[in-house]
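I have placed the structure first, in the form of structure tokens, so that the comments after it can refer back to it.
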Amino acid sequence: MKRLLRRLLSGAGPDPATPLRQMVFVSVDCEMTGLNPARDDLLAVGAVALRGMRMDLSATFRGLLRPARPVRPEGVPVHRILPGEAARGDEAASELARFDAWLAGLAALPSGVKGTGPSVVLLGWCLGLDEAFLAAGRRRAGLPARAHPRCDVLDLFRHLRASGRAAPTGAPSPPLVGAPFAPAPSCTPAAPCTPDVQAALADIPLKDADLYAVARALDVNVHDAHDALGDACLCAQVFQRLVPLLERRLGRRAAWGDLARAEDAAACGARHGGGAFGL
């Protein structure tokens, strides 16, 4: 709870009462030569923006980075980037600077709220790993550190999976004080929120809960797996479908504080009860 309060009151992110549909999210995914930011390199960065919970395919980022060390053959089946392709990538410093400039450009756009621009919130599946590699890449390149409000979609899934098992379908959670009330969204094929969908999520064992398994349970077509931009778009679509499930439990439209609280509860549960990272 103290961690959540520090996060909501720090002033570094959106106001807790900001409706999700008035925010700008950026779904980001990285491909790497391994899983250790201290010794492995970034190979690719992909990102796509969501405005008002709608994916904006005119606002995408794709970067191929030339690693400092050769690509290991055993990693190619995972990231699907051949050594020769990686060697033709751009310098990491220039690509990371371009990515930061792209993010800054999104934050500079008008938000529709008088006198303010949007806080860009990063989304990702097991986002901490991507953030660690981006931070390590910036340090090596001599670029300044960057911090953004963030939401790990894996934690949102964990929260909804746990709450779906713990309470009857449709039972609302206590609303966040100060959040604007609005009717819960209706179910649509693009954003399913039926009991069957909740049951499908609850049936996924945590050890098997990777992005692709959750996407299939939510009826999202999986293609371009392990392509940075493809996975960023896939994660964005999963987020689009998880938010209506959160709102169904709240009984109203969700605000930033609701999302932060859900993620914090899931992260706390994972620390005490275990759970897969879902890579």
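The values are calculated or read from the model by the stated rules, or taken from the named source; none is laboratory data. Computed from a predicted model, the values in this text were never measured in an experiment. Note: accessible area is taken over every heavy atom of the protein model, side chains too, but ligands, DNA and RNA are not part of it. Shrake-Rupley method; radii C 1.70, N 1.55, O 1.52, S 1.80 Å.
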Note, ³J(HN,Hα) from phi for segment 48-54, Karplus 6.51, -1.76, 1.60, rounded to Hz, x at Gly and Pro: 9, 8, 10, 10, x, 6, 10
Under the Karplus relation with 6.51, -1.76 and 1.60 and θ = phi - 60°, whole-Hz ³J(HN,Hα) for segment 241-246, x at Gly and Pro, equal 8, 6, 4, x, 5, 4
Under Karplus coefficients 6.51, -1.76 and 1.60, residue-wise ³J(HN,Hα) of segment 29-43 in Hz, glycine/proline x: 9, 10, 10, 10, 6, x, 10, 10, x, 6, 10, 9, 10, 6, 10
Skip the ligands, DNA and RNA, and give the accessible area per residue of segment 198-255 with a 1.4 Å probe, whole Å². 34 Å²
Considering amide H positions built from the backbone, and no H for Pro or chain starts, which residues 5 or more places from LEU50, or on another chain, come under 5 Å of its amide H? PHE25, VAL26, SER27, ASP56
